[in-house]
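The structure appears below as structure tokens.
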Amino acid sequence: MQAPGGVGGGGGGGEAGDMRGRHRIQAELKKLEQEARFLEEELEKLNKMDKVSAALQEFVVTIESKADPLLPVTTGVAYQSWDRWFEGPQDLRRCKCWFL
């Protein structure tokens, strides 16, 4: 884009346009420096994450090896009368159910 002063920029506004260009370049450079800093911080976090991931895997293995204290331990059917609703028919030949 050309300066509003004319074709060659000799209208006296060349210095102001130069300052705007310099400011734009400085702002872009500052933005790139901030992005580089952000990426370096992100990379540091990722490098530390391996250690956390290994510790988390060990934690998961430990937790999965133990029984859940909030769940009751049952060895058989808790309620016999309920069990008949969740079982299939005993004799499939005599079953007249259309969905089985």
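Per-residue answers, yes or no, for (1) modelled with pLDDT of 85 or more; (2) among the aromatic types (Phe, Trp, Tyr); (3) part of a loop (DSSP other than H, G, I, E, B); (4) surrounded by 10 or more Cβ atoms within 10 Å (Cβ to Cβ):
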position: 33; (1), (2), (3), (4): yes, no, no, yes
position: 42; (1), (2), (3), (4): yes, no, no, yes
position: 62; (1), (2), (3), (4): yes, no, no, no
position: 68; (1), (2), (3), (4): no, no, yes, no
position: 72; (1), (2), (3), (4): no, no, yes, no
position: 75; (1), (2), (3), (4): no, no, yes, no
Test: residue in the stretch 1-13 that is of a type outside the set (S, T, N, Q) and modelled with pLDDT of 70 or more: no
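Please find, within the stretch 44-54, the residue that is modelled with the lowest pLDDT out of those that are hydrophobic (A, V, I, L, M, F, W, C) and surrounded by 10 or more Cβ atoms within 10 Å (Cβ to Cβ).
Here is the first cut: in the stretch 44-54, the residues hydrophobic (A, V, I, L, M, F, W, C) are 46, 49, 52, 54.
Filter again for surrounded by 10 or more Cβ atoms within 10 Å (Cβ to Cβ), leaving 49, 52, 54.
Numbers: 49: 75, 52: 71, 54: 79.
Applying the filter and picking the extreme gives 52.
The values are calculated or read from the model by the stated rules, or taken from the named source; none is laboratory data. Fair warning: this is a prediction, and the values are worked out from it, not measured in the lab. So basically every Cβ, Gly included, is an ideal-geometry build from the backbone, and we count neighbours across all protein chains shown.
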